[in-house]
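*Asks:* Structure in structure tokens, see below.
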Amino acid sequence: MGAVTERRVTSLIVLLIAAALLSQTFGQAYSGLGAFSPMFFPQIVLGFWVAVAALDVVSELRRSSSSDHPRLMRVSFMGLATLLFLYGMTRLGFFLSAVPFSITSLVVLGLRNPLAILAVGVGVPAALVALFNHLLVLPLPTSPFTWWF
């Protein structure tokens, strides 16, 4: 199991927060609102968050050495990129701000294959737009240039 480390405690706290938020979305009744409840999308996002956090906790518990030093520049850059993504989403819409954010995130996190960076960086935001805007009809913020994305 190993010693209690900052990374393990942080992973556990993130899992507990995600589980608590997910538990608050169940049992709320919204009648007469049509096909989807307002809790539909938050339950999907929080469900993924719980799954990823649980995998992170298991990964941390299986790791024998805790020689990871926080990389302040990487964390700072990702924080700044996230803030720019959130601001850009209000001005440019989801897709036009998600593509640069995805590509930047992949490069900062160490992915070096240009084909994979381009495929994931454009493919994931495009798939999310197709899923939410066109299939589920739960629109994401759109671009001021076109309604398509």
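*Asks:* Only residues in the stretch 7-21 that are part of a helix (DSSP H, G or I) count as the first member; pair them with residues that are among the small types (Gly, Ala, Ser) and surrounded by 13 or more Cβ atoms within 10 Å (Cβ to Cβ), Cβ under 7 angstrom, at least 6 apart or cross-chain, and list the lot.
*Replies:* Arg7/Ser66; Ser11/Ala53; Val14/Ala53; Leu15/Ala53; Leu15/Ala54; Ala18/Ala53
*Asks:* Take Met73 and tell me if it is modelled with pLDDT of 85 or more and either surrounded by 13 or more Cβ atoms within 10 Å (Cβ to Cβ) or more than 17 Å from the chain's Cα centre (by Cα) (or both). Quick ask: steps written out before the conclusion?
*Replies:* Values: modelled with pLDDT of 85 or more: no; either surrounded by 13 or more Cβ atoms within 10 Å (Cβ to Cβ) or more than 17 Å from the chain's Cα centre (by Cα) (or both): yes.
In short, no.
*Asks:* I've got another one for you. Pick out the one residue from Leu106, Leu138, Leu131 that is modelled with pLDDT of 90 or more and either over 25 Å from Val4 (Cα atoms) or not in a helix (DSSP H, G or I) (or both).
*Replies:* On the way: Leu138 fails: modelled with pLDDT of 90 or more; Leu131 fails: modelled with pLDDT of 90 or more.
Only one candidate qualifies: Leu106.
*Asks:* Within the stretch 95-109, identify whether any single residue is loosely packed, with under 11 Cβ neighbours inside 10 Å, out of contact with any Cys (no Cβ under 9 Å at 6 or more places or on another chain), more than 24 Å from Phe40 (Cα to Cα) and without any contact (Cβ under 8 Å) to a residue 40 or more places away in the chain, and answer yes or no. Spell out how you get there, then give the answer.
*Replies:* Taking the stretch 95-109 first, the residues loosely packed, with under 11 Cβ neighbours inside 10 Å are 109.
Filter again for out of contact with any Cys (no Cβ under 9 Å at 6 or more places or on another chain), leaving 109.
Still in the running and more than 24 Å from Phe40 (Cα to Cα): 109.
Next cut, without any contact (Cβ under 8 Å) to a residue 40 or more places away in the chain only: 109.
Within the stretch 95-109 (the criterion being loosely packed, with under 11 Cβ neighbours inside 10 Å, out of contact with any Cys (no Cβ under 9 Å at 6 or more places or on another chain), more than 24 Å from Phe40 (Cα to Cα) and without any contact (Cβ under 8 Å) to a residue 40 or more places away in the chain), the answer is yes, since at least one residue qualifies.
*Asks:* Of all residues in the stretch 110-125, how many are out of contact with any helix residue (DSSP H, G or I) (no Cβ under 7 Å at 6 or more places or on another chain) and either surrounded by 11 or more Cβ atoms within 10 Å (Cβ to Cβ) or part of a helix (DSSP H, G or I) (or both)?
*Replies:* Residues of the stretch 110-125 that are out of contact with any helix residue (DSSP H, G or I) (no Cβ under 7 Å at 6 or more places or on another chain), as a first pass: 110, 112-116, 118-119, 123.
After this cut, where a residue has to be either surrounded by 11 or more Cβ atoms within 10 Å (Cβ to Cβ) or part of a helix (DSSP H, G or I) (or both) as well, the list is 114-116, 118-119, 123.
Counting residues in the stretch 110-125 that are out of contact with any helix residue (DSSP H, G or I) (no Cβ under 7 Å at 6 or more places or on another chain) and either surrounded by 11 or more Cβ atoms within 10 Å (Cβ to Cβ) or part of a helix (DSSP H, G or I) (or both) gives 6.
*Asks:* Being touching a Pro at 6+ places or on another chain (Cβ under 7 Å) and at pLDDT 85 or above, is that true of even one residue in the stretch 112-120? Reasoning before the result, please.
*Replies:* Keep residues of the stretch 112-120 that are touching a Pro at 6+ places or on another chain (Cβ under 7 Å), which gives none.
Within the stretch 112-120 (the criterion being touching a Pro at 6+ places or on another chain (Cβ under 7 Å) and at pLDDT 85 or above), the answer is no, since none of the residues qualifies.
*Asks:* Quick one: Tyr87 ticks every box in (1) surrounded by 12 or more Cβ atoms within 10 Å (Cβ to Cβ); (2) at pLDDT 90 or above bar one, so which box is it?
*Replies:* Every condition holds for Tyr87 apart from (1).
The values are calculated or read from the model by the stated rules, or taken from the named source; none is laboratory data. Here the structure is a predicted model, which is why all the values come from computation and not from measurement. Positions of Cβ are backbone-derived with ideal geometry, glycine not excepted, and every protein chain shown enters the neighbour counts.
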